[in-house]
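*Asks:* Quick one: the structure is below, questions incoming.
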Amino acid sequence: MAMISTKTNSLLELAQFWSQRLSPDFSLRDHEKYLYTPLDAISFGISPKEPWHRALGDVVFHNGYLAQGDVLGMEDAPAFLQEKYLSLRQKEDDFLCRYNLAYSPAFYYLPLRQNNSKITIADSERRHAVATSLLCYIPPGAEHYLEIHNMAQETRLSHCHIVVFLASGSKLQLLLIHELDEPSQSIVHLHFILSVESQAVVYDLQLSGKLSRTSIEADLEGERSFFSLNGLLLGRGEEHRDSTSLLIHRSSYSESKTLCLSLLNNKASSAITGNIVVEPRIREAKAHQLLRSLLLSDDAKAFCRPQLEIGSHEVNCSHGSSIGELDQEALYYLQSRGVSKEEARQLLLKAATAHLLQDLAPIFLPTTQERLNYYLKEVAYG
Amino acid sequence: MLTIQNLHVRIGEKEILRGIDLTVKAGEIHAIMGPNGSGKSTLSQVIAGREDLVVSQGSLVFEQENLLELSVEERARRGIFVAFQYPVAVPGLNNLQFMREAVNAQRRFRGEKELSSSDFLKKAQKVMHDLGIPQEFSKRSLNDGFSGGEKKKNEILQMYLLEPKLIILDEIDSGLDIDALQMVARSVNSFHNEKRAFLLVTHYQRLLHYIEPNYVHVLVDGKIVESGGKELAEKLEKHGYDIYKNQLSS
């Protein structure tokens, strides 16, 4: 398979790469087995024969540090980041992301100097596909709140690749929201590299759109680093949600927590794959993973696959998975007080999300509360 | 207020209630007593509208409306309240937030203006104060981590806030110590008036020491086998339910 360089930026090269991907030898099915996701919808939604005008999404950096349309190439990033990023790219085995990255000719480099940032990825020109790459660096000891809002409309595919380096002692809380119109699809790939005593807490809210997928890879490279993933996937109609995480404990005393919940109505489906790897000779790592799905209709489908690969003896790891329906006794109890079945469902769905979102930073509440209420209602009513 | 005629109810293939007749008027307190498995809770739940109970025969009328045509929530909005024997816990759903949703759902049905958060909070805090219920109830999740006694108190709190007309207390006395039982009984007595009716479902006479019923009915094997005044409860306390079981088997 041809490797795509980060310097690849000519339309011709990209089109050539694209054609290779459409060759009959290219098997998507292997990938599908891994993700349980109907990838045909993602990968063949865009034809290379259709005209595409620009390949870069609009990024609005709300703090005003970067104006819309500003693009800084990798050459403006610190050298060690370039080196690090390129080496990471070589190791990626998720060829879907690599394949979609082919769209992205440049990076936004975000030196996060304030303690909170909000980025909206949109597509004002309503093109067939947009791709955006972001590189974030959290300096030593800094504490940062980053909100990323992927809200493509009438776009067949919006793909975003974000790499976050957390320097020693830094802390990040990241809120990612997929909020798309019905025909749009969104793929976000997040890659975290955590240094000593750094902490990253991620909230992944997949709220709407034909298909959304968050793929997370976290390298817990520094001792006592901490990573937490809290995923909430809401689906109705024939929507599909996907969460794939690979958390690699590469250092002693590192800790990770994964909690993913999908709530599905109608014919919606979700695929949650959680993979935790503890490398050999790592001491006292802690990793806990719980993947849950609640189905509100007979036609909804959920796939959960929790995985642990433990290479060391001195670890404390657990994983679990459940797929079920709403508690009918609870539903009846709430209805017996006068609330309608749909309202009762909505209350139970909201209750199910409470544990997941209990530590969400107050700075994110204005963005999330009304949205969640709206989309939980949509899912409850179907 | 409530008229039940020849009510037959089954769960799956098993018939639980086998021809119940009962009339409850506004202002009355009726006690339904019976041994385990006699159908007491089924009677409570079929009035509430539980969907897995199948009414195969008979009628259930509340204030001239056929209850069998109404859903669970529609019955509640018309003023029927069942205090559950085992109230359900819902972690993550704030107790008071739920009660406000329920109160406002009923107010909407009656065409009344919904209560704002602050108005509802004031009302709930006053009721909790009057009932001697700790204010921390308002911060906890619905019945989550509650002791048996706390759950029953929470049912009483809901009853006060929802202000129903027909109140069915399904073994409200089970799991209560004597102080909690007295508190619940005091609350029920002060809530009772000429416009409200109560149906007390219980195994034991002890609840009836604190809440005086107008009528006592003995339910055995899905049928009301005897009705009378409060003296019937005393008779049951002395002789138990065996006399009825023997009658039915012979």
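*Asks:* Show me the strands (runs of 3 or more DSSP E) entirely contained within segment B:131-250 in which 2 or more residues are touching a Phe, Trp or Tyr at 6+ places or on another chain (Cβ under 9 Å) and under 27 Å from B:Arg100 (Cα atoms).
*Replies:* It comes to B:166-170.
*Asks:* I'm told B:Ala102 meets every condition in (1) more than 9 Å from chain A (Cβ to nearest Cβ); (2) open to solvent by less than 20 Å² (accessible area, probe 1.4 Å) except one. Can you identify the failing condition by its number?
*Replies:* (1)
*Asks:* Here is a follow-up. Which strands (runs of 3 or more DSSP E) does segment B:1-60 wholly contain that include 3 or more residues that are open to solvent by 10 Å² or more (accessible area, probe 1.4 Å) and away from chain A (no Cβ under 14 Å)?
*Replies:* Output list reads B:2-11, B:14-24.
*Asks:* Go through (1) assigned to a helix (DSSP H, G or I); (2) more than 9 Å from chain A (Cβ to nearest Cβ); (3) surrounded by fewer than 22 Cβ atoms within 10 Å (Cβ to Cβ) and name the single condition B:Gln97 misses.
*Replies:* For B:Gln97, the exception is condition (2).
*Asks:* Looking at B:Ser71 and the list (1) within 13 Å of chain A (Cβ to nearest Cβ); (2) small (Gly, Ala, Ser); (3) under 26 Å from B:Gly145 (Cα atoms), which single condition is not satisfied?
*Replies:* (3)
*Asks:* Continuing with this model, one more query. Those residues that are of a type in the set (S, T, N, Q), crowded, with 16+ Cβ neighbours inside 10 Å and within 11 Å of chain B (Cβ to nearest Cβ), I need them from segment A:310-345; list them, please.
*Replies:* A:Gln335, A:Ser336, A:Ser340
*Asks:* Let me ask another. Spot the failing condition for B:Glu73; the list is (1) open to solvent by less than 40 Å² (accessible area, probe 1.4 Å); (2) over 26 Å from B:Gly39 (Cβ atoms), and only one is missed.
*Replies:* For B:Glu73, the failing item is (2).
*Asks:* So, in segment B:76-92, exactly how many residues are buried (at least 22 other Cβ atoms within 10 Å of the Cβ) and at the interface with chain A (Cβ under 7 Å from one of its Cβ atoms)?
*Replies:* Counting residues in segment B:76-92 that are buried (at least 22 other Cβ atoms within 10 Å of the Cβ) and at the interface with chain A (Cβ under 7 Å from one of its Cβ atoms) gives 5.
*Asks:* What pairs can you find where one residue is in segment B:10-36 and under 24 Å from B:His209 (Cβ atoms) and among the aromatic types (Phe, Trp, Tyr), the other is surrounded by 14 or more Cβ atoms within 10 Å (Cβ to Cβ) and modelled with pLDDT under 95, and their Cβ atoms are less than 9 Å apart, with a gap of 6+ or different chains?
*Replies:* Matching pairs, first to second residue: none at all.
*Asks:* Hey, another quick one. Out of (1) within 14 Å of chain B (Cβ to nearest Cβ); (2) open to solvent by less than 40 Å² (accessible area, probe 1.4 Å); (3) part of a helix (DSSP H, G or I), what's the single condition that is false for A:Thr367?
*Replies:* (1)
*Asks:* Here's a follow-up. Does segment A:223-235 hold any residues that are surrounded by fewer than 22 Cβ atoms within 10 Å (Cβ to Cβ) and either more than 22 Å from A:Gln307 (Cα to Cα) or among the basic types (Lys, Arg) (or both), and which are they?
*Replies:* Within segment A:223-235, A:Glu223, A:Arg224 qualify.
*Asks:* Starting from segment A:292-309, take each residue that is surrounded by 18 or more Cβ atoms within 10 Å (Cβ to Cβ) and list its partners that are in a strand (DSSP E or B) and of a type in the set (Asp, Glu), counting only C-beta distances under 6 angstrom and pairs at least six apart or across chains.
*Replies:* Close Cβ pairs satisfying both conditions: A:Leu295/A:Glu325.
*Asks:* Please count how many residues of segment B:130-170 are more than 14 Å from chain A (Cβ to nearest Cβ) and touching a Ser or Thr at 6+ places or on another chain (Cβ under 6 Å).
*Replies:* Total satisfying the criteria: 1.
*Asks:* Just the residues that are basic (Lys, Arg), within 14 Å of chain A (Cβ to nearest Cβ) and surrounded by 12 or more Cβ atoms within 10 Å (Cβ to Cβ), please, taken from segment B:105-129.
*Replies:* B:Arg107, B:Arg108
*Asks:* Now a separate question. Go through segment B:103-130 and give me each residue that's basic (Lys, Arg) and either at positive phi or in a loop (DSSP other than H, G, I, E, B) (or both).
*Replies:* Passing the criteria: B:Arg110, B:Lys113.
*Asks:* Does A:Ala354 satisfy being within 12 Å of another protein chain (Cβ to nearest Cβ), within 17 Å of A:Tyr203 (Cβ to Cβ), among the small types (Gly, Ala, Ser) and in contact with a strand residue (DSSP E or B) (Cβ under 6 Å, 6 or more places away or on another chain)?
*Replies:* Yes; evaluated as a whole, the condition is true for this residue.
The values are calculated or read from the model by the stated rules, or taken from the named source; none is laboratory data. Being a predicted model, the structure only gives us computed values, none of them experimental. FYI the Cβ positions are ideal-geometry reconstructions off the backbone, even for glycines, and counts take in every protein chain you see. Surface accessibility is based on the protein's heavy atoms, side chains included, excluding ligands, DNA and RNA. Shrake-Rupley method; radii C 1.70, N 1.55, O 1.52, S 1.80 Å.
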